[in-house]
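Input: a single structure, listed below in structure tokens.
Just so it is clear, none of the values below were taken in a lab; they were calculated from the coordinates. This structure is a prediction, so every number in the text was calculated from the model and none was measured. Virtual Cβ from ideal backbone geometry, glycine too; neighbours counted across all protein chains shown.
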Amino acid sequence: MEAEAKVKLQVLNDEETYTYTVQMGRDEIFPLQCGNGDYIFRFMKNVEDNKYIEIYRCEANVVLENDFDPFLRPNQYADFYDGRTCVDVARSLAEEASSDVDFVGKVYQYVCKSIKYDDDKAQDAVDGKLKGYVPDPDRTLEQKRGICFDYACLAASMLRSQGIPTKIIFGYVAPDDLYHAWNMFYTEEGGWVTVKFEAPTDEWTRIDLTFSANGASNKFIGDGDNYLDVYQF
């Protein structure tokens, strides 16, 4: 296959389909976020404009050892491993934390204080100039700027690296139906507040660093009912 060929991976489970742009020439990890069940994996090669043909296909029945595994491990959007700056910073914050919830709070505060919203990049996204864009958490830390996708991927990388199950969520936020990315984390502890509501014990809890870091109006925060989850990674 020529190096310039654009290749996409489709992961299908029941009625859910996730499509990824494959970064050629590097190893990548893709999550099985739909949990246990029958999966179809299709590699699609671009042949013209937006037309793709299937070049490889396989099927597998998946049984996860732990339901949290897809949200604890690295993947294309949460690219972390020992030696990366995001992992070093997360480990340092974890060493200072008194509990898992305290650690999540420290990551939340660190990202909110360290990363500014990039309006130019956001406009590029609106204009369709970021198709196939994959954030790099260390690059976000270095540039100290990003859009919602960068915030969510950085937070997930930091939290997962220290054992906190974390989702990267894509969906819509009312009342303006903004297409947006945010996080949800899981902990058996509770008691810290983020995005205007408290993390209950033993439940997935929404955390929206983009809006919190940039002083969004309360109409975008509320109690979480205005968030519509579409994809999770």
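Here the relative contact order of the stretch 7-64, from alpha carbon pairs under 8 Å that lie six or more residues apart, stands at 35 percent.
Which lysines have a Cα lying under 20 Å from the Cα of LYS121, excluding residues fewer than 8 positions away in the same chain? Of all the lysines, those that pass the test against LYS121 - Cα under 20 Å, at least 8 places apart if same chain - are LYS113, LYS129, LYS131, LYS144. Couplings 3J(HN,Hα) of the stretch 161-172, computed from phi: 4, 10, x, 9, x, 9, 9, 9, 10, 10, x, 10 Hz, in residue order, whole Hz [Karplus 6.51 cos²θ - 1.76 cosθ + 1.60, θ = phi - 60°; x for Gly and Pro]. The local environment of PHE80, defined by Cβ-Cβ distances under 12 Å, has a net charge of -1 under the rule Lys, Arg +1 and Asp, Glu -1.
Please label the shape of the stretch 69-175 as rounded, prolate or oblate, based on the square roots a ≥ b ≥ c of the eigenvalues of the alpha-carbon gyration tensor (a/c under 1.5 means rounded; beyond that, a/b larger than b/c means prolate, else oblate). It would help to have the intermediate numbers written out before the result.
Values: a/c = 1.72, a/b = 1.66, b/c = 1.03.
Prolate, since a/c reaches 1.5 and a/b exceeds b/c.
Residue exposure proxy: MET184, MET44, MET24, ordered by other Cβ atoms within 10 angstrom of their Cβ from fewest to most, comes out as MET24, MET44, MET184.
Hey, fewest Cβ within 10 Å first, where do ASP49, ASP14, ASP79 land in order? Please report the intermediate quantities before stating the final value.
Working: ASP49 6, ASP14 9, ASP79 20.
Fewest to most other Cβ atoms nearby, the residues stand as ASP49, ASP14, ASP79.
Under the combined filter of DSSP loop state and at most 10 neighbouring Cβ atoms within 10 Å, the stretch 1-70 retains these trypsin sites (Lys or Arg not before Pro): ARG26. For chymotrypsin sites (Phe, Trp or Tyr not before Pro), the sites in the stretch 76-141 that DSSP calls loop and that have at most 16 other Cβ atoms within 10 Å are TYR81, TYR133.
From the square roots a ≥ b ≥ c of the eigenvalues of the alpha-carbon gyration tensor of the stretch 7-64, which class results: rounded (a/c under 1.5), prolate (a/b over b/c), or oblate? Working shown, then result.
Details: a/c = 2.28, a/b = 1.64, b/c = 1.39.
Here the stretch 7-64 falls in the prolate category.
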